[in-house]
Amino acid sequence: MQSFNPQGILYFPYAFFNRKLLTPNESVKSINDIDFKKLKTQGFKAILIDKDNTLTAPYQTKISPLIKKGFQECKKTFGKSVAIFSNHAGTADDFDYATAKAIEKSLGIAVIRHKKKKPAGMEEVEAFFNCRPEEIIVIGDRLFTDIAFGNRYGCHTILVNPLTKRYENALSAWVAGWERKLIRN
């Protein structure tokens, strides 16, 4: 279970009043709808994906069957340059990185270990991929974490719809719904 996110709280007012940070470069239903080959030919070198409600149901370690096709295409196209950046797995909340290790075993991609939660933490991402932020695609279902993170650093951002409401804690579900209403206004 996730704990307090000080970076998110501190960054919230800035992102709230700077709507460009919350506006994705693309918006699709799921990763099944992303043309990974086209993105590769456009010069992007790496894919950074949020886990909960983007690849898996919240707090689960197995790929959602709903997006298996797109996930396989992503891995096939970008190879070892696909990784997860989560606000739980790979952080200090993840005791002994047990969740990160389980995800890596289940999904076959790395979970980047990091000290700061989104929308911070680009230092570890750059070091992992060994490329500049503008060469990275960030895919996620949340505006104030995933999309704000990517836009803050100049990445290409793709917003996907959440996979499910199942397993989601009530506060997270409420905030996610509120975020979506915010960008429609």
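Here are the numbers for this structure:
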{"read-out": "In order through the range 139-145: 3J(HN,Hα) via Karplus (6.51 cos²θ - 1.76 cosθ + 1.60), integer Hz, x for Gly, Pro", "value": "10, x, 9, 10, 6, 7, 10"}
{"read-out": "Burial order of peptide ranges 44-57, 92-105, 115-128 (average beta-carbon count within 10 Å, highest first)", "value": "44-57, 115-128, 92-105"}
{"read-out": "Packing-based order for 139-150, 65-76, using average beta carbon neighbours within 10 Å, highest first", "value": "139-150, 65-76"}
{"read-out": "Full-extension gain in nm, K62 to T164, via 0.36 nm per residue minus C-alpha separation", "value": "35.4 nm"}
{"read-out": "Across K37/K101; K20/K101; K40/K105; K29/K101, pairs whose alpha-carbon gap is larger than 30 Å", "value": "K20/K101"}
{"read-out": "E124 paired with K38, simple spin-label distance in nm, labels 7 Å along Cα-to-beta-carbon", "value": "3.3"}
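None of the figures in this text is laboratory data; all of them are computed from the coordinates on show. Note that the structure is a prediction, hence the values are computed from the model and not measured. Counting neighbours? That spans all protein chains shown, and the Cβs are built from the backbone with ideal geometry, glycine included.
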